[in-house]
Structure formats: C-alpha cells, structure tokens
Amino acid sequence: MDFLRPGSWEEALAAKAEHPTAVPIAGGTDVMVEINFDHRRPEYLLDLNRIGELSEWEASEGGIRLGASVPYSQIMEHLRGELPGLALASHTVASPQIRNRGGVGGNLGTASPAGDAHPALLASGAEVEVASVRGERRIPIDEFYTGVKRNALAEDELIRAVHLPKATGPQQFSKVGTRNAMVIAVCAFGLALHPETRTVRTGIGSAAPTPIRAKEAEEFLNSALEEGGFWDNGKIIAPSVAKQFAALCSGACNPIDDVRGTASYRRHAVGVMARRTLTWAWESYRGTGIRTEGVA
C-alpha cells in the first residue's frame with residue numbers, strides 16, 4: 001500500500017487524477033476500521049490532512065460552506081445556531097476522540113446508510129461541492145447517494161466542502177441505538193422546518209439501502225400545514241396529522257434484518273421518531289419552549 005501526501009488541494013487533485021483508485025483519508029474514522037479488519041486493502045491512500053482549507057468553514061448571508069474535514073466537535077461548538085440539526089447529529093457520533101477527528105466528508109465518501117450526518121444533510125437540503133482536475137461542481141444531496149455505500153463521485157473527484165442553508169426554523173435529530181453514542185445507528189431520523197418556504201424536509205438513516213427522504217410524508221404534512229393555516233396561526237398539530245405523517249415515514253423505509261435490529265423494528269422506530277421530532281420541532285416553532293432540542 002502506497003501513501004500519498006499532497007501539500008495542497010491542487011496536488012491532491014493531481015494525485016487523484018493520476019491514481020483514481022486512491023482512497024482519501026482525513027479523520028480516518030471509517031477507512032482505518034476497514035483496513036484494520038482487512039475489509040479493504042487499497043493500493044493507495046491519499047492523505048488530505050495537510051490541506052488546511054478542508055478543516056475550515058465560512059458563513060455567507062444565506063448559508064454555511066463547511067469544509068469536508070471540519071470535525072464534528074467544531075460543528076457542535078461553533079455552528080449549533082446555524083446548523084442545529086447537524087450539531088445534534090454530531091453529538092451522537094462515537095466518542096469525543098472520534099468527534100475530534102471525523103468530519104462530514106468522511107460520512108459522504110463512505111456513503112453508509114448508517115452515517116449519522118446523512119439525515120441532517122437531507123433534511124436541511126445540503127449540496128456537496130466536489131472537484132477534480134477537470135473542474136468543480138455541486139451535487140444536490142438528494143442526488144448524491146446512488147446505492148449501498150455508493151455515491152455520485154466520479155473516480156477522479158474529491159469532496160471539498162458541503163454547502164448548507166442557515167436554519168430558519170427548528171431542526172431535530174433522533175437516533176435509535178443501544179446507547180446515545182459509541183454505537184452504529186439501528187435507525188435515525190432528521191427533520192427540519194423551513195418557514196420561509198413553508199415546507200418540512202426529512203432524512204432517514206439506516207432504514208434503506210441508502211439515506212433517504214420520506215417525500216410522500218413531507219408532501220402530506222406540507223399540504224396539511226398549509227390548508228390549516230398552521231404556519232400563521234401556530235396551532236398545535238392534530239394527533240391524527242402527526243400519526244399519518246409517522247405512518248408515511250415508516251412506509252418510506254426499506255430496511256433489512258441484521259444484528260442491530262429487524263426490519264419491522266426499524267419501520268416502527270422511524271415512525272416513533274418522526275412523530276416525536278415533529279412534535280418537538282413544531283412546539284419550538286410555536287414558541288412554547290417545549291423541547292427545543294434533544295436526542296432520543
């Protein structure tokens with residue numbers, strides 16, 4: 001195994017172009033596990049740790065450009081107000097040591113449906129900035145996941161950053177596991193209210209071959225909120241609406257049985273998380289102060 005260590009972004013792109021099979025490594029929290037268990041033996045490792053810009057973020061009027069290697073601990077500390085859903089998800093990532101090393105770029109590169117960042121990225125409507133020696137492009141998060149641990153990257157492309165809109169409404173994240181962190185999710189759920197467009201977006205992890213949105217559930221809830229004037233009157237969402245939303249979220253799943261949980265349990269758990277996160281987020285939107293953030 002050869003170790004490539006570029007000193008700049010341009011050198012990294014050139015190395016990836018010359019060695020398309022090279023596996024990028026930054027935090028190493030996913031790649032090193034696979035190598036240690038001999039699940040992967042790449043010909044080349046492409047070390048990105050000398051490229052400082054990947055560990056930086058910048059804010060603009062409408063959003064946050066998050067470098068691919070910004071550690072989860074930094075998101076928790078500095079971006080809780082702008083990216084509350086992702087900050088909540090970051091709290092559940094493994095241990096403090098791993099949160100100090102791992103970043104969103106690793107979750108995206110691995111594209112495991114169990115990655116903790118995916119539901120928050122889907123719910124917020126993120127875009128992934130990727131680049132090669134041929135140029136740069138942005139991939140909408142809905143188009144990024146293409147199969148089981150597969151993504152839309154070309155073989156010569158690297159993930160540079162993630163673009164996320166600043167939250168304009170409450171966001172929530174919930175994860176089911178044997179404990180809050182230090183565990184791969186049995187399933188996970190993210191939800192974001194977008195008052196400026198009067199829409200709700202969702203994200204589901206570890207309950208389908210790829211991270212997914214519950215689009216039918218979103219459409220149902222968006223219609224119910226609009227028809228009832230909820231965005232303006234701030235009324236409590238009727239239990240029947242929350243129940244139907246939860247059922248549609250469960251129906252969006254296509255899970256499997258594995259050592260962490262059965263398919264039927266995952267469907268049930270996603271429904272419970274959908275109802276709970278909707279309740280927490282909507283109560284926060286109404287300004288009652290009830291459960292403005294939390295992880296189940």
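For the pair E136/F37, report the inter-label distance in nm, with labels modelled 7 Å from Cα in the Cβ direction.
3.6
Mind checking the full-extension length gain between T146 and H78? Use 0.36 nm per residue of separation minus the Cα-Cα distance, one decimal, nm.
Result for the pair: 21.4 nm of gain on full extension.
What is the sum of charges around P20, taking Lys and Arg as +1, Asp and Glu as -1, for the other residues whose C-beta is under 13 Å from the C-beta of P20?
Once positives and negatives cancel, what remains is -3.
Measuring with a 1.4 Å probe in the full set of protein chains, what accessible area per residue, in whole Å², belongs to the stretch 52-195?
38
For a quick check of understanding: with a 1.4 angstrom probe and all protein chains in place, what accessible area in square angstrom does T262 have, to the nearest ten?
That residue has around 60 Å² of solvent-accessible surface.
Using a simple charge model, +1 on the beta-carbon of Lys and Arg, -1 on the beta-carbon of Asp and Glu, nothing else, what dipole does the stretch 1-156 show about its Cα centre, in debye to the nearest 20?
It works out to roughly 340 debye.
Where Rh denotes the Kirkwood radius from the mean inverse Cα pair distance, what is Rg over Rh for the stretch 188-296? Can you show the working numbers first?
Details: Rg = 13.9 Å, Rh = 14.1 Å.
Rounded to two decimals, Rg/Rh equals 0.98.
Percent of accessible area on the stretch 133-290 owned by carbon and sulfur, 1.4 Å probe?
51
Taking the DSSP beta bridges in the chain as the whole, what percent of them are antiparallel, to the nearest 5?
Taking every DSSP beta bridge within the chain, about 85 percent pair in antiparallel fashion.
Could you work out the helix-only [θ] at 222 nm for the chain, with each DSSP H run of four or more residues adding -39,500 (n - 2.57) and the total divided by the number of residues, to the nearest 500 deg cm²/dmol?
Value at 222 nm, helices only, nearest 500: -10500 deg cm²/dmol.
Which links in K16/K166; K16/K215; K215/K235; K149/K175; K16/K175 stretch past 30 Å when you go from one Cα to the other?
Beyond 30 Å: K16/K166; K16/K215; K16/K175.
So what's the projected area for the stretch 111-177, the Cα convex hull averaged over all directions, in nm²? Working shown, then result.
Values: hull surface 20.8 nm².
The Cα convex hull of the stretch 111-177, projected and averaged over all directions, gives 5.2 nm².
What length, rounded to one decimal in nm, is gained on full extension from S8 through to I256, with 0.36 nm per residue of separation minus their alpha-carbon distance?
Gain on stretching S8 to I256: 85.1 nm.
Keeping all protein chains in position, work out how much accessible area L66 exposes to a 1.4 Å probe, and write it in Å² to the nearest 10.
In the full protein context, L66 sits at about 0 Å².
In the neighborhood of R50, defined by Cβ-to-Cβ distances under 10 Å, what is the net charge if each Lys or Arg adds +1 and each Asp or Glu adds -1?
Neighbour charge sum, excluding R50 itself: -1.
Run the paramagnetic zone check for S95: 7 angstrom along Cα to Cβ, then residues of the stretch 152-192 with backbone nitrogen under 17 Å.
179-184
Taking the Cβ of A94 as the centre, find all other residues whose Cβ is under 13 Å away and add up their charges (Lys, Arg: +1; Asp, Glu: -1).
Result for the neighbourhood of A94: +2.
If the only charges are +1 at each Lys and Arg Cβ and -1 at each Asp and Glu Cβ, what is the size of the charge dipole of the stretch 111-223 around the Cα centre, to the nearest 20 debye?
Value, rounded to 20: 280 debye.
The values are calculated or read from the model by the stated rules, or taken from the named source; none is laboratory data. Computed from a predicted model, the values in this text were never measured in an experiment. We place every Cβ from the backbone using ideal geometry, glycine too, and count neighbours over all the protein chains shown. Keep in mind that these areas ignore ligands, DNA and RNA; they rest on the heavy atoms of the full protein, side chains included. Shrake-Rupley method; radii C 1.70, N 1.55, O 1.52, S 1.80 Å.
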